[in-house]
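The structure under discussion appears below in the form of C-alpha cells.
Throughout, read-outs are computed from the coordinates displayed, never taken from laboratory work. Worth saying up front: this structure is predicted, and the values here are computed from it rather than measured. Don't worry about glycine lacking a Cβ; one is built from the backbone with ideal geometry, like all the others, and counts go over all protein chains shown.
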Amino acid sequence: MEEILEIEALKQLKYKYFRCLDSKLWDELGEVLTDDATAAYDSGKYSYDGKPAILEFLSGSLGDREVISMHMGHHPEITLTGADTAEGVWYFEDYVIFTKADLRLRGAGFYRDRYRKVDGRWKIEHTGYARTYEEMQTADSGAKWSLTHYGDHLDSD
Amino acid sequence: MEEILEIEALKQLKYKYFRCLDSKLWDELGEVLTDDATAAYDSGKYSYDGKPAILEFLSGSLGDREVISMHMGHHPEITLTGADTAEGVWYFEDYVIFTKADLRLRGAGFYRDRYRKVDGRWKIEHTGYARTYEEMQTADSGAKWSLTHYGDHLDSD
Amino acid sequence: MEEILEIEALKQLKYKYFRCLDSKLWDELGEVLTDDATAAYDSGKYSYDGKPAILEFLSGSLGDREVISMHMGHHPEITLTGADTAEGVWYFEDYVIFTKADLRLRGAGFYRDRYRKVDGRWKIEHTGYARTYEEMQTADSGAKWSLTHYGDHLDSD
C-alpha cells in the first residue's frame, strides 16, 4: 500500500520538472535530477550525460525570456521496479513560441523515464521521448503549420 | 484503502487505451476491453457492440499511417460502484491530422465509461463521449478553422 | 496513508470545478466553493470575495451558450497543510471561442489554490492564477494569433 504514495510522489516529481522548465527555474529544476542523470530528447537527437549537461541544454534552449514554452505531461503509466527504482511512460504535448522570430512549434510524444530514490527522495535518473508529430509555424508561413516529422512511436513499441 | 489502488489502476487502464490508440497498437488495445464491451462515440453517432466491432471501427478510422492522432484523457472522476465495477467521467481533447488530405480535426468532450474486473484485471465495459466542440481545418479553408458542432454536454448533464 | 485519499479527493474537486465551468452548471459549481471563497484570476485582475460574487463573475463571463470554453487543469502538486487544510499548484490550459464575434482566446498558466474541509468535504477556499501566455484570434486578424501578455510566472516564483 506504500506503493501508491510512491506513485503520487513520482507524479509530483515530473510536474515539478515541467513547472520549473516553463518557469525557467533552473536551480530548482536541478533538484529533480540525479547527479548522473541522462537525457535522450527527441529520439536521442539531443542526448546529454550528467545533470550539468542537461541543465545547460535546457537553459540554453529555453532560458531566454523571449521564449515562451509550455510542456504538459499526461497519462502517467508508472511502475515500481524495486525498492528504490521506478519507470514511467508519459504522453506529452508541447507548444513553444519564439517571440522575436514569430516562430511557433507544437507537438506531442511519449516520454520513457527511469527514476531512482536518492537519500529518500525520488529523482529522474533518465528521461527521453520520441515524438508522435511536430508542427511549425513561421513568420513567413502566414498562419499555416507545416508538419515536420512523426511516426517514431509506431516503430518503438 | 484498497480503493485508491483500484482508482490508480483504472487511470492506467484508460491511459493504455489512449496510448495504444495513438500508437496504432490494436492487439494491445484489445487487452483493455471486455469481450462484450460497447462503445457510443460522439453521442452515440458511432456505436459498436463487442470488442471486435470496436477494434474494427478504431483501426479502420485511424489505422492508416498517414493519419496522426492525439487523444488526451484528463480530469478523471472515478467512482467504485461495487467490488468489481466502477464508473468514470473524463474530459478529453483530441487532434487528428489526415496528412494526405491536409485535413485537421480538433475538439473536446466528456467520456462516461463503465469498468469491470475480469479475472482480477480492470477492463473497459462501456465507453462513450459527448463532444463540447469540434473544429475542422481543410486544405481549402486556408488556415481558418470552422466550428462543426457543440453543446450536447450542456443538455446531457 | 489517509493522505493519498485526501489528495485524490482534492483532484476530483478541481476536476468537478472545471467540468461544471465548461458545462455551465453554476449550481453544481457552487458546491465546490466555500461560502467565503475568494478568487484572484489573472494575477488578481479579476478578484472576487465570497461564493456569490465568484459565481456571478463566472456565469456572467461564460454563461451564454454562444461561448464555448475549455479549461484543463494539469500537473497537480497538492500538499496537505493541516487536518482540514491543503494547498495546490496546477498548470492549466484554456481555450475559449466566442462564436458570435468569431473571437478565440487560448493560453496557459499556474493556479495556486487553498482548500478547506467543511463538514467533512473538501471545498475551494481560494483560487487564483497567473498566466504564462495568452493569445487571441479575432475575425479581423484572419488566422493569425496575437500574443497579448505573459511572464508573470517568471517573477512570482
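The gain in end-to-end length when the B:D36 to B:K100 segment is fully stretched comes to 19.6 nm, 0.36 nm per residue minus the alpha carbon separation. Sorting the Cα pairs of the protein assembly as shown by distance into bins of 10 Å, from 0 upward, gives 4, 19, 31, 30, 14, 1 percent per bin.
Packing, as the average of other Cβ atoms within 10 Å across residues, places the peptides A:32-41, B:133-142 in the order A:32-41, B:133-142, highest first. Distance from the axis that maps chain C onto chain B is least for the Cβ of the chain C residue given, with the whole Å value, as C:A143, 2. Taken residue by residue and averaged, Cβ atoms of other chains lying within 10 Å of the Cβ of A:24-32 number 1. Considering the options C:S61, A:F110, C:A101, tell which one lies farthest towards the positive end of the dipole of the protein assembly as shown, charges being +1 on Lys and Arg and -1 on Asp and Glu at the Cβ, about the Cα centre. Looking along the dipole axis, the top candidate is C:A101. Here B:D27 yields copy-to-copy label distances, from shortest upward, of 5.2, 5.3 nm, the label point defined as 7 Å from Cα along Cα to C-beta. Inter-chain Cβ neighbour count for B:72-81, averaged per residue, equals 5 (cutoff 10 Å, partner chain atoms only).
Using the Cβ of B:Y115 as centre and a radius below 10 Å, the other residues enclosed give a net charge of 0, where K and R count +1 and D and E count -1. About its Cα centre, chain B has a charge dipole of approximately 380 debye under the convention of +1 per Lys or Arg Cβ and -1 per Asp or Glu Cβ, with nothing else charged. The label point for A:D27 and the one for C:T138, both projected 7 Å from the Cα toward the Cβ, are 4.3 nm apart. Viscosity 0.692 mPa s, temperature 37 °C: what is the translational diffusion coefficient of the stretch A:2-140 from Stokes-Einstein with a Kirkwood Rh over Cα pairs, rounded to a whole number of µm²/s? In µm²/s, the coefficient rounds to 212. Here's how it looks for A:H75: its modeled amide H is under 5 Å from those of A:Y91, which are all 5 or more places away or on a different chain.
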